[in-house]
Amino acid sequence: MTSTAKLEYRTLAESQLDVICIENQYCEAIIAKQGAQILQYRLKSSNGRPDKTLLWLSQHLPQQGQKAIRGGIPLCFPWFGAHPVQPNLPAHGFARTEIWTLEHIQAEAHQHNLTFSLQSDEHTKTNWNHDFQLKMTIHCGEDLSLTLSVHNTGITPFTFSFAWHSYFAVSDIHDTQILGLENTAYIDQLHQQNPHRQTEPSLSFSAETDRIYYQTQGHYCIQDPLQQIKIDSPDCPDAVVWNPWANKAARLADMQDHAWLGFVCLESGQIHTPVQLPAQHNVNFHMHITADLL
Ligand code: BG6
């Protein structure tokens with residue numbers, strides 16, 4: 001077991017993605033400067049418990065700055081899905097394809113905290129004509145937590161939506177359930193956009209699933225026969241559950257065969273009613289993830 005914190009800057013060979021590789025007493029993680037996106041988080045084995053890879057990551061990585069990286073925890077900002085009035089703008093906003101600045105690192109034997117920032121410039125204004133600064137802190141220790149701070153640095157208010165589009169690794173999507181969405185309203189993005197309400201205590205999977213749940217409690221548990229992953233994001237009112245299943249996965253160029261069996265996206269954010277942020281104000285959101293092997 002490592003008693004000191006390790007940190008290394010690397011550029012991945014084919015994709016040229018700039019990443020930060022860290023290791024401490026509890027975990028190993030890889031974080032890309034593109035999108036301030038955590039790509040890999042592996043809890044080390046301890047007390048007879050085997051190691052555990054928490055996040056799913058596609059083997060097909062894009063060239064840095066060109067396209068979104070599929071896997072880990074991308075940030076959708078400042079809109080979710082297609083832009084509401086300009087469908088030619090990038091799906092899920094631009095934060096996930098921008099190169100963020102690594103501002104601060106705190107490295108200790110039992111944890112790393114990395115803070116990244118992204119601020120408006122001429123380029124971001126071609127997509128979204130507002131002055132802003134984002135800060136994202138990624139805490140990697142015995143648990144994984146993310147904090148997002150959105151600051152309106154301009155002189156007019158703006159609205160935005162966002163989601164942490166987390167790809168969680170599961171043993172098999174057929175054996176996976178999500179708890180925490182009982183009695184919660186949702187929009188089924190695959191069928192009529194009418195609101196539905198989940199009455200079942202848990203959600204299981206037998207087909208493509210793409211739902212936006214709103215006014216959730218912000219506490220979820222992903223269970224499969226080997227593990228449970230708890231996600232707490234109480235200041236994020238909405239959650240998205242997504243798995244493309246076989247047919248849609250086959251149409252996604254960056255998803256290898258059968259990869260859809262090995263993940264579920266449980267995304268925390270604010271989508272249904274966008275956030276209104278007055279000039280010179282800021283707002284913070286948190287997500288906390290823990291994993292237990294069964
Ligand atoms: C989910 C959406 O959040 O992301 C889906 O609800 C979408 O509709 C999926 O297909 C993947 O989006 P993308 O842009 O990363 O391929």
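Apart from one condition, GLN111 fits all of (1) in contact with a strand residue (DSSP E or B) (Cβ under 8 Å, 6 or more places away or on another chain); (2) touching a residue at least 60 places away in the same chain (Cβ under 8 Å); (3) within 16 Å of the ligand (Cβ to nearest atom); the exception is (3). Residues that are in contact with an Asp or Glu (Cβ under 9 Å, 6 or more places away or on another chain), of a type in the set (A, V, I, L, M, F, W, C) and not in a strand (DSSP E or B) within the range 121-168 comprise just one, ILE155.
Quick one: would you say LYS248 is touching a residue at least 24 places away in the same chain (Cβ under 8 Å), outside any loop (DSSP other than H, G, I, E, B), more than 16 Å from the ligand (Cβ to nearest atom) and within 19 Å of GLY71 (Cα to Cα)? Let's see the steps before the verdict.
On the way: touching a residue at least 24 places away in the same chain (Cβ under 8 Å): yes; outside any loop (DSSP other than H, G, I, E, B): yes; more than 16 Å from the ligand (Cβ to nearest atom): no; within 19 Å of GLY71 (Cα to Cα): yes.
Against the criterion (touching a residue at least 24 places away in the same chain (Cβ under 8 Å), outside any loop (DSSP other than H, G, I, E, B), more than 16 Å from the ligand (Cβ to nearest atom) and within 19 Å of GLY71 (Cα to Cα)), LYS248 does not qualify.
Which of the residues belonging to the range 52-83 are part of a strand (DSSP E or B) and not small (Gly, Ala, Ser)? Residues satisfying the conditions are LYS52, THR53, LEU55, LEU57, ILE73, LEU75, CYS76, PHE77. Take the range 55-76 and flag every residue that is more than 13 Å from the ligand (Cβ to nearest atom) and in contact with a Ser or Thr (Cβ under 9 Å, 6 or more places away or on another chain). Selection gives LEU55, LEU61, GLN63, GLN64, GLY65, GLN66.
From the residues in the range 194-213 that are within 15 Å of the ligand (Cβ to nearest atom) and outside any strand (DSSP E or B), which one is nearest to ILE178 (Cα to Cα)? Filtering first and then ranking leaves PHE205. Annotation: of all residues in the range 214-252 being under 16 Å from GLN177 (Cα atoms) and aromatic (Phe, Trp, Tyr), the one that is surrounded by the most Cβ atoms within 10 Å (Cβ to Cβ) is TYR220. You will find that of GLN106, GLN86, the residue that is out of contact with any Phe, Trp or Tyr (no Cβ under 9 Å at 6 or more places or on another chain), more than 10 Å from the ligand (Cβ to nearest atom) and assigned to a loop (DSSP other than H, G, I, E, B) is GLN86 and no other. Please go through the range 238-257 and pick out each residue that is under 30 Å from GLU142 (Cα atoms) and over 15 Å from the mean Cα position of the chain (by Cα). Matches in the range 238-257: MET255 only.
The set of residues in the range 1-43 being without any contact (Cβ under 8 Å) to a residue 60 or more places away in the chain and aliphatic (A, V, I, L, M) consists of MET1, LEU12, ALA13, LEU17, VAL19, ILE30, ALA32, LEU39.
Readers should treat all values here as calculations from the given coordinates under stated rules, not as data from a laboratory. Every value quoted in this text rests on a predicted model; they were computed, and no experiment measured them. We place every Cβ from the backbone using ideal geometry, glycine too, and count neighbours over all the protein chains shown.
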